[in-house]
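The values are calculated or read from the model by the stated rules, or taken from the named source; none is laboratory data. Keep in mind that what you see is a predicted model, and the values were worked out from it rather than measured. Every residue, glycine among them, receives a Cβ derived from its backbone with ideal geometry; neighbour counts consider all protein chains shown.
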Amino acid sequence: MTSTSDSGRLRAGAIGRREVLFQSITAMAPGAAIAASIPAGAGFAGGALTLAVIVALIGSLLTAFSISELASRIPSAGSFATYASRALHPIVGFFVGWGYVFVYALVPALLFLQLGFTVAGTFNSEFGYPSNLWWPWSLVGIALVGALALLGITTSAKTGTILGSIEIVVFLAAGILFVVHAGSHNTLSVFTTKYTPKGFHGISGVFAGSVYSLLAFAGFEAAAPLAEEAKDPKRTIRFAILGSTLAIGLVYVFTTYAASVAYGPARFSSFAGAGAASWIGLSRDFYGLFWILIFLAIINS
């Protein structure tokens, strides 16, 4: 998100390293990734899903390093379009830029639909709320995000920093509680292929599961378009892209490990994004009303 001054120009130096870092972190939507995206790979990797996350982290770091190097040398709000134009050809940059726009146009639609379905589905199971009334919650989400965007980059970035921090703290706290609950069942064997399911036994299951884990990293590049609004952009953008990938990647590894040992790595292939075998389900079974914090963190994400 960007804002303009009265003269129609981007506000140079409007945000610092912390806000730029959280632009990438919140774009990754770690809460939703931990609770929904990564568990989608459990059917392939099973109890070795933690290893699959590490594979995805390595691949994402390699990509993040390449993007951060370009961002440190060509700081521009055009980001990928500018990189391609200068490094390859202006025509390539033209197509990259428009492709980037079209892809990003799909993201809000997906997220707001998921917001509506998640809220309506949870309220339906808990309070009998009509599950077909998902669309009002999508509209609420659109209104809130739209209002933050209109308030400008400074306000929206600070809000993202606060809410993103809360979201991460909630899942880290839940992960710690899951590890404590697992007790003697904590094991390093989840970092091997021991618990991959029969249909995807061995390293093939790990790589199949890592595909869904890679989706959880999408968004680390979101800091790049803020180059003309960030302080010391050549260093700040590079730090944000690499820092967000590594930091959130480690959060993914820990939380996936925690869920695996708490639920049981031998049956983790049945773990999912909803129901009893999910983050909300385990939180409810182990710690009662703590599931509400998980639910709110997912919605926030």
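Just to verify a result, which residue in the range 149-164, among those that are closer than 14 Å to R18 by Cβ and aliphatic (A, V, I, L, M), is modelled with the lowest pLDDT?
Going through the qualifying residues, I end up with I153.
Within the range 196-204, identify whether any single residue is in contact (Cβ under 8 Å) with a residue 40 or more places away in the chain and under 19 Å from V261 (Cβ atoms), and answer yes or no.
Checked the range 196-204: at least one residue is in contact (Cβ under 8 Å) with a residue 40 or more places away in the chain and under 19 Å from V261 (Cβ atoms).
Per-residue answers, yes or no, for (1) at pLDDT below 90; (2) hydroxyl-bearing (S, T, Y); (3) more than 24 Å from the chain's Cα centre (by Cα):
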{"residue": "S189", "(1), (2), (3)": "no, yes, yes"}
{"residue": "T192", "(1), (2), (3)": "no, yes, yes"}
{"residue": "Y195", "(1), (2), (3)": "no, yes, yes"}
{"residue": "H201", "(1), (2), (3)": "yes, no, yes"}
{"residue": "V206", "(1), (2), (3)": "no, no, no"}
{"residue": "S210", "(1), (2), (3)": "no, yes, no"}
{"residue": "A216", "(1), (2), (3)": "no, no, no"}
{"residue": "E221", "(1), (2), (3)": "no, no, no"}
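Need at least 2 residues that are over 21 Å from A157 (Cα atoms) and β-branched (V, I, T) per element, so show me which helices (runs of 4 or more DSSP H) inside the range 200-301 make the cut, counting only ones lying wholly within it.
In the range 200-301, the matching helices (runs of 4 or more DSSP H) lie at 203-217, 233-263, 290-300.
In the range 72-95, what count of residues is obtained for those that are more than 22 Å from A216 (Cα to Cα) and crowded, with 19+ Cβ neighbours inside 10 Å? Walk me through how you get there before you give the answer.
If we filter the range 72-95 for residues that are more than 22 Å from A216 (Cα to Cα), which is where we start, we get 72-78, 81-95.
Still in the list and also crowded, with 19+ Cβ neighbours inside 10 Å: 75-76, 78, 81-85, 93.
Residues meeting the conditions: 9.
Select the helices (runs of 4 or more DSSP H) contained entirely in the range 39-148, then report the ones holding at least 1 residues which are at pLDDT below 90 and of a type in the set (F, W, Y).
80-87, 90-127
Is it the case, given these coordinates, that A174 is within 20 Å of R284 (Cα to Cα), small (G, A, S) and either more than 21 Å from the chain's Cα centre (by Cα) or not in a helix (DSSP H, G or I) (or both)?
no
Tally up the residues in the range 160-202 that are over 24 Å from A32 (Cα atoms) and hydroxyl-bearing (S, T, Y), please.
Residues meeting the conditions: 6.
Can you name every residue in the range 276-285 that is more than 17 Å from the chain's Cα centre (by Cα), buried (at least 17 other Cβ atoms within 10 Å of the Cβ) and not hydroxyl-bearing (S, T, Y)?
A277, I280, G281, L282, R284
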